Amino acid sequence: MQRHFLLLFLLLLAPVSILSALLSGSTDLSLAQLLHGSESQQEILWQLRAPRAASAFACGALLALSGVLLQVLLRNPLADPYLLGISGGAATGALGAMLLGLAAAVKLSALGGALLALLLVPALSFRRHAWSIHHLLLTGIALSAGFGALISLLLSIAPSAGIHGMLYWLMGDLSYAQSPGLTWAALLAAGIASGLLARHLDVLAIGELKAKSLGVAVLPVQAAIYLIAAVATTAAVLEAGSIGFVGLVIPHLLRLMGMDSHRWLVPGAILLGGSFLTLADTLARTLVAPQQLPVGVLTALTGVPLLLFLLSRKR
């Protein structure tokens, strides 16, 4: 019963977070202005705030869902969407394009870097028709470290005029999120696929041997989990840059609140992750308006105390 009430609360929180994003900003609007505002107010709402709020919700949902999947795949509570190097590859590609002055090619370069990492990780960890999770984890960590070194190199040789934009991309930036359609398509596909795998995720979380004894085709399920998580992470990073903490903390928050079964955890992560990032982005836009803060800073500053509080209450 507790899970039903929690899911109902999350279903109510999602539209509230989006409505808050629509009404809040350097110029606050009322509900009446939302429906019958002036032409300039309508332009602010539907051309600036609505696409950004939609992108924020989709990216938060994708990161939280990816965290749920990778924590099962790697059987590691510290697993998050950026552990396997996909974010590092995307960041390297994006910063390389910025350094060369190719502003129009930033997303394309980021996609190329993410796809490179996505293909390298399983290729280097798949041996003799078997997939070693330990090799997968170590390969991802090694690639993340390598991409981190390349990112540091790019930042060190970048002109001072371009450092600001690079750092904002690395800390997460939704300022240029104007076309959330593809991100929502990725969320819809990843959410449906994860929901269909929920029963297998419950069994696989216990262990590979137990899953095999119960008739689960472990290798295909692991490959599907990796692919879904990789697509979700890539879609979120391309839209919003590297926003940390969401994929790590949201699954743990839900588990601490009683959502253990993935039949509940998958939709819960989508709703809470989307709402969390939407509210964090609203704070990033309004705290020191008209200046905007990196949304990744807000996700950490608000999420860390909440997780520590829940951990202190959990016995």
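List of remarks:
- Filtered by the rule that a residue be in contact (Cβ under 8 Å) with a residue 40 or more places away in the chain and surrounded by fewer than 24 Cβ atoms within 10 Å (Cβ to Cβ), region 84-97 gives a lone residue, GLY96.
- Annotation: of all residues in region 132-163 being surrounded by fewer than 16 Cβ atoms within 10 Å (Cβ to Cβ), within 18 Å of ALA94 (Cβ to Cβ) and among the β-branched types (Val, Ile, Thr), the one that is modelled with the lowest pLDDT is ILE163.
- Selection status of LEU70, crowded, with 24+ Cβ neighbours inside 10 Å and within 22 Å of LEU256 (Cβ to Cβ): yes
- Among residues of region 269-315, those that are assigned to a helix (DSSP H, G or I) and either under 27 Å from THR27 (Cα atoms) or at pLDDT 85 or above (or both), counted: 27
- In region 147-173, the residues that are within 24 Å of the chain's Cα centre (by Cα) and more than 18 Å from GLY113 (Cα to Cα): ILE163, HIS164, GLY165, TYR168, ASP173
- Boolean, GLY244 is under 27 Å from ALA105 (Cα atoms), touching a residue at least 60 places away in the same chain (Cβ under 8 Å), touching a Gly at 6+ places or on another chain (Cβ under 8 Å) and in a loop (DSSP other than H, G, I, E, B): yes
- Residue match in region 25-32 (condition: assigned to a helix (DSSP H, G or I) and surrounded by fewer than 17 Cβ atoms within 10 Å (Cβ to Cβ)): yes
- Checking each residue in region 260-315 for being among the aromatic types (Phe, Trp, Tyr) and touching a Gly at 6+ places or on another chain (Cβ under 8 Å) picks out only PHE276.
The values are calculated or read from the model by the stated rules, or taken from the named source; none is laboratory data. Keep in mind the model is a prediction, meaning the values are calculated, not measured. Glycine gets a Cβ as well: all are built from the backbone with ideal geometry, and neighbour counts include every protein chain shown.
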